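Where a number appears in this text, it was derived from the coordinates with a stated rule and is not lab data. Keep in mind that what you see is a predicted model, and the values were worked out from it rather than measured. Cβ coordinates were reconstructed from backbone atoms using ideal geometry, including for glycine residues, and neighbour counts include every protein chain displayed.
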Amino acid sequence: MGHTVAVAGASGYAGGELLRLLAGHSDFDLTVVTAASNAGQPVTAVHPHLAQFADRTFVATETAALASSDVVFLALPHGQSAAIAAGLSDHQLVIDIGADFRLRDPQQWEKFYGGAHAGAWTYGLPELPGSRAAIKGSRRIANPGCYVTSATLALAPLFAAGLAELDDVVIVAASGTTGAGRGMKPNLMASEVMGSMSPYKVAGAHQHTPEIEQNLSDVAGSGVTVSFTPLLAPMPRGILATCTVRPKPGVDAAAVRATFEKAYAAEPFVHLLPESVWPQTGATLGSNSTHLQVGFDEHAGRVIVVAALDNLTKGAAGQALQNANIALGLDETAGLPIAGVAP
């Protein structure tokens, strides 16, 4: 028997993706799956693709139900994890897929999420410099946001190497509809989304903006200002982020590409594509991988980095499982697909 695992909020999209990945992980034994309104329902009533869990039933999301598991994944709506986590043992590994413990600045939390700030946990983006050492052995890990993962992986090498100006960062990223969760919303109905793209939470209003700035400022060693525009795309899952920065004087295309090659050469889940091959969301479907490409626009004087990932895997459940593997000293890639599903 391996480590026992509980998933709170398992009836949601991220929770369901986590169940799918756990089914293929030999070191984890899924013992508890919880839900709110779906408590009492069979898992397959919500996730019919998870036939191997046909004998499992969702139980109510209560601390007592989670208390006996070695590992607890919290796939709950933002603002709900802190109360549950407060009742769990310090010896349990708890990974929050929500936003409750990502931001260090209480004012930013209150501005973008509201309510009391619950504090900050170890930040779980393994590819950031120094992150693996912090994650390993930690028992409280905050999983990054999906947009944040794509934008941070796209831009961190530039700021870590001091190649980009700090105050001229523009990110335009499109997400599939699962990024908004499973709740019924009129603007997410198929008849509203199909055949149309639309921006939302424009002009600095999106809650992932301060998290992106926090990450990039950390690697840059100074404050980074980001203009972030999210788009809703007519697809179930995936993120395509187009990130542009103004390079510092003297930086050229060769230096930029060499920086990315060095940063991600040993990373199992980040792939710098061959030159002139640009990322597409379909290529990352169902995988824990991020595909990147860099370009140098000499005419406009900007570096362009495009990142694609699956918002439910590397952007949520897959990254949570990657963090759990690291924290427990397991093979980091265990249970995680590197190749996407196509066509």
- Among the residues of the stretch 156-164, is there at least one that is over 17 Å from residue 291 (Cα atoms) and surrounded by 24 or more Cβ atoms within 10 Å (Cβ to Cβ)? yes
- Message: Exactly one condition in (1) surrounded by 21 or more Cβ atoms within 10 Å (Cβ to Cβ); (2) over 17 Å from the mean Cα position of the chain (by Cα) is false for residue 254; which is it?
- Response: (1)
- Message: Consider the stretch 233-247. How many of its residues are of a type in the set (Val, Ile, Thr) and either without any contact (Cβ under 8 Å) to a residue 24 or more places away in the chain or part of a loop (DSSP other than H, G, I, E, B) (or both)?
- Response: 0
